[in-house]
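Right, one structure below, let's go through it.
Every read-out reported here was derived from the displayed coordinates using simple, explicitly stated rules and does not represent laboratory data. Values in this document were obtained by computation on a predicted structure and should not be read as measured data. In this analysis, Cβ positions are derived from the backbone assuming ideal geometry, glycine residues included, and neighbour counts consider all displayed protein chains.
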Amino acid sequence: MATANNNIYRQVYNAYEDINLLTGTDRITCVFWRRGILSAAFNAENELLSIHYAGYGTDRPVWELDFFEPLFAQEPMLVKHEKITKVFFCSSHQLVIPEELYELADAEVWFRNMHFTEQNDVIRHYNLKEQNAYYLYSVPMNIKALVKIYCPQVPILPLQAYQFAGNYTRGVKLNCFIAPDLASATLYHYGALLWHRVFNYGAAEDIAYEIRVVCEEHKINADKVSVSCTALTASEYDVINQLSQYFAGITTAGGHIINSMWSPALSLIKELESCE
């Protein structure tokens with residue numbers, strides 16, 4: 001179900017047809033991205049109950065505090081902030097640094113030289129243990145402070161963490177996360193991490209172009225790449241469907257057929273649950 005009200009766009013997925021579904025909520029996982037929040041509720045048996053998304057359009061600034069803050073008093077899941085156990089950030093600014101080159105202070109200098117960031121943006125560091133590397137990403141200070149007010153004990157993690165956690169040892173594998181006008185893609189060649197990038201897009205062909213360019217740079221036949229997709233909402237289903245014109249056999253991150261509009265978003269939630 002999708003609705004638009006007061007310039008806020010909402011989507012809801014319910015695992016069951018039960019108007020009191022959220023009464024059984026035991027814990028909640030949240031994903032913050034630059035123009036919205038996705039919340040997923042689970043019961044005590046770790047069964048997904050519901051997904052709620054609230055977002056706004058490109059006519060307003062990114063990370064607008066006047067949008068995010070009221071949601072903690074209005075949205076059915078976010079008012080249960082004591083049940084929030086994980087928070088993920090989808091940042092458009094990121095940097096992967098091999099462990100042997102990593103020094104905390106130098107890493108932040110590199111990051112700010114590569115990306116335009118506000119002076120008070122927080123640069124966070126996440127250890128990619130399986131890749132022997134560190135992942136740096138930026139979070140606006142006011143949004144970080146908001147999370148700490150309502151979820152003071154909750155770990156903050158990069159959404160892209162799940163893209164580095166798999167064991168892609170067979171063939172060439174591309175894991176792509178798609179949000180409205182933003183994509184994050186990670187390419188593996190027989191287990192070796194070749195490429196990771198977060199970028200803006202206007203249409204599916206823009207994503208296909210980015211993938212084919214990097215494949216050409218590494219002398220990889222793009223038609224042989226195994227592509228899996230996750231998404232922030234059900235709305236990105238159309239983008240993934242169009243992307244299938246360029247790459248055959250696109251699956252969810254778990255390797256399953258995409259058989260509904262919510263399949264990519266459900267796959268994302270499942271992948272995030274394994275991140276720590």
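Here region 146-185 is scanned for amide nitrogen atoms under 20 Å from the site 7 Å beyond the Cα of His218 along Cα-to-Cβ, giving 160-178, 183-185.
Span-like helix check, the chain: qualifying full DSSP H segments, with Cα axial length of 15 Å or more and mean Kyte-Doolittle of -0.5 or more, are 104-114, 204-217. For region 68-160, the equivalent ellipsoid derived from the alpha-carbon gyration tensor has semi-axes of 28, 15, 10 Å in decreasing order.
Note: relative contact order over region 166-272, using C-alpha pairs below 8 Å and six or more positions apart, is 25 percent.
Can you bin every Cα-Cα distance in region 95-147 into 5 Å intervals starting at zero and give me the percent of pairs per bin, rounded to whole numbers? For region 95-147, the pair-distance distribution reads 4, 20, 29, 21, 15, 9, 1. With both residues required to sit in the chain, DSSP beta bridges show an antiparallel share near 75%.
Here region 1-164 is treated with +1 on each Lys and Arg Cβ and -1 on each Asp and Glu Cβ, and its dipole about the Cα centre works out to around 220 debye. In the chain, taking the dipole from charged Cβ atoms about the Cα centre, the farthest positive-side position among Ser235, Asn14, His93 is held by Asn14. Hey, with R₀ at 35 Å, roughly what FRET efficiency would Lys148 and Glu17 work out to, going by the Cβ-Cβ distance, to 0.05? For R0 = 35 Å, the calculated efficiency reads 0.45.
Put simply, when 104-117, 194-207 are sorted by average Cβ atoms within 10 angstrom per residue, most first, you get 194-207, 104-117. Evaluated with a Cβ-only charge set (Lys, Arg +1; Asp, Glu -1), the chain carries a dipole of roughly 180 debye about its Cα centre, given to the nearest 20. The distance linking region 237-251 with region 50-68 is 26 Å (Cα centroid to Cα centroid, whole angstrom).
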